[in-house]
Amino acid sequence: MSGGPDGTGAPSVDEIRASALGRPFPGGSFVIEPWEAFLVADAVAADEISQHSVHPIQNYFAALGAAGVTLDEMFGWCLSAASEGPMLGSTRLELSRPLEVGVRYVVEGSFLSVERKRGARAGVFDIAIFELTIRDLDAQLVARTECSLIFPRKAAV
Amino acid sequence: MIGPGSQIPPWTVPAVSAESMKLVAALIRDPTPIHWDVQAVRAAGLGDKPVNGGAVNLAYLINMLARWAGGTQNVVDVDVRYVANVFAGDTVTARGSVRSVREDGGQSSAECDVWLERGDGTVCVTGTATVRLPGVGDIPDVG
């Protein structure tokens, strides 16, 4: 990781923006298999646990899986790493219609913004917002997810 | 009758499962070790129980909304912030109340405040949601 211009070892927000913004995720596609539908519903303690219905949280999980970057790589785009304690700060799920088992969907996404904040208790941290969209093969919107990732910057002053 | 102030029936997980945390981390290739490695949790100063993934906490809120509104297909929009951790073994309860009801083209929908709290009363997730209301009298109102 590159160091900041102040010599603290933390990247500057401009460095992070240069790395994360202005380039889309590679993207990709996914098909939810029956076993995935079952396991995710079971893992989130859903009322309906079956191989035939898809829990709405799969709009985030599956889109993340087909974005063309792993979470670890997304942390890297923001000049951080899992070992530095990044956290999910917020999520917005806009659901146009339910996902279906066995149907192929296309995912696109990108980082939208990076902001540096300073808190009395948390110290310096960065908030990076990314979006993921899911469309069917006819390009109809199925869902949009917007998430913020929080990156502690202990070395920043 | 559903209207502003109506309470959504709460939805509870008696004990959040550490095994489910591992499963979700594997399914979504989440490298963040606090979800599956107790040593990492200790090193982060977060105690000695794995931390539930934020999106799973969101899923609990969706479960509450879906049960109330007649199915997951009626959950239209959920927007939340994660403000405190949920740990393995915690009891968590999803709660919500109706902020307003809208009518659009014969379809009613409710704007709701939603939150997830631990057994000790700590609010861990807070936000808003929109659900389609399937029909007057079809969904329960507990207050």
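The values are calculated or read from the model by the stated rules, or taken from the named source; none is laboratory data. As the structure is a prediction and not an experimental result, all values here were calculated from the model. Here the Cβ is made from the backbone with ideal geometry for all residues, glycine too, and neighbour counts use every protein chain on show. Remember, those area values only see protein heavy atoms, side chains included, never the ligands or the DNA or RNA. Shrake-Rupley method; radii C 1.70, N 1.55, O 1.52, S 1.80 Å.
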Of all the C-alpha pairs in segment A:1-89, what % are more than 14 Å from each other?
71
Inter-label distance, nm, simple model (7 Å from Cα along the C-beta direction), residue A:51/residue A:96:
3.0
Give me the distance between the Cα centres of segment A:79-127 and segment B:1-78, rounded to whole Å.
16
What does the charge count near residue A:145 come to, summing +1 for each Lys or Arg and -1 for each Asp or Glu among other residues with Cβ under 14 Å from its Cβ?
-3
Diagonalise the Cα gyration tensor of chain B and give the resulting equivalent ellipsoid semi-axes, square root of 5 times each eigenvalue, largest first, whole Å.
32, 14, 12
Placing +1 on each Lys and Arg Cβ and -1 on each Asp and Glu Cβ in chain B, then taking the dipole about the Cα centre, the residue among B:82, B:53, B:64 whose Cα reaches farthest towards the positive end is B:53
Determine the total buried accessible area between chain A and chain B, counting protein heavy atoms only with a 1.4 Å probe; round to the nearest 100 Å².
2500
Name the aspartates and glutamates eligible as straight-distance cross-link partners of residue B:22: C-alpha to C-alpha under 14 Å, and not fewer than 8 places from it in the same chain.
A:42, B:30, B:37
Checking rank on A:142-148, A:60-66, A:91-97, with mean other Cβ inside 10 Å and highest first, the result is A:60-66, A:142-148, A:91-97
If you take the beta carbon distance between residue B:103 and residue A:112 as r and set R0 to 51 Å, what does 1/(1 + (r/R0)^6) give as a FRET efficiency, to the nearest 0.05?
0.95
Net charge near residue B:114 (other residues with Cβ under 12 Å of its Cβ; Lys, Arg +1; Asp, Glu -1) is -2
The local net charge around residue B:77, scoring Lys/Arg +1 and Asp/Glu -1 for residues other than residue B:77 whose Cβ lies under 12 Å from its Cβ, equals -1
Separation of segment A:23-67 and segment A:139-153 by C-alpha centroid, Å?
15
Structure-based [θ]222 nm, chain A - -39500 (n - 2.57) summed over DSSP H runs of at least 4, per residue, nearest 500
-5500 deg cm²/dmol
Hey, any idea what % of the protein assembly as shown's accessible area is carbon plus sulfur with a 1.4 Å probe?
51
Peptide B:106-116, shielding by other chains (average Cβ, 10 Å cutoff)
0
Dimensionless Rg/Rh of segment B:1-81 - Kirkwood Rh, Rg from C-alpha atoms:
1.08
Under 12 Å by backbone N from the virtual spin label 7 Å along Cα-to-Cβ at residue A:21, the residues of segment A:96-115 are A:111-115
How far, in degrees from 0 to 90, does helix A:34-43 lean away from the longest principal axis of the Cα atoms of chain A, to the nearest 10?
60
Measure nothing fancy, just the Cα-based angle from helix B:54-69's long axis to the longest principal axis of chain B, in degrees from 0 to 90, nearest 10.
30
Given contacts defined as C-alpha pairs under 8 Å and at least six residues apart, what's the relative contact order of chain A, whole-number percent?
28
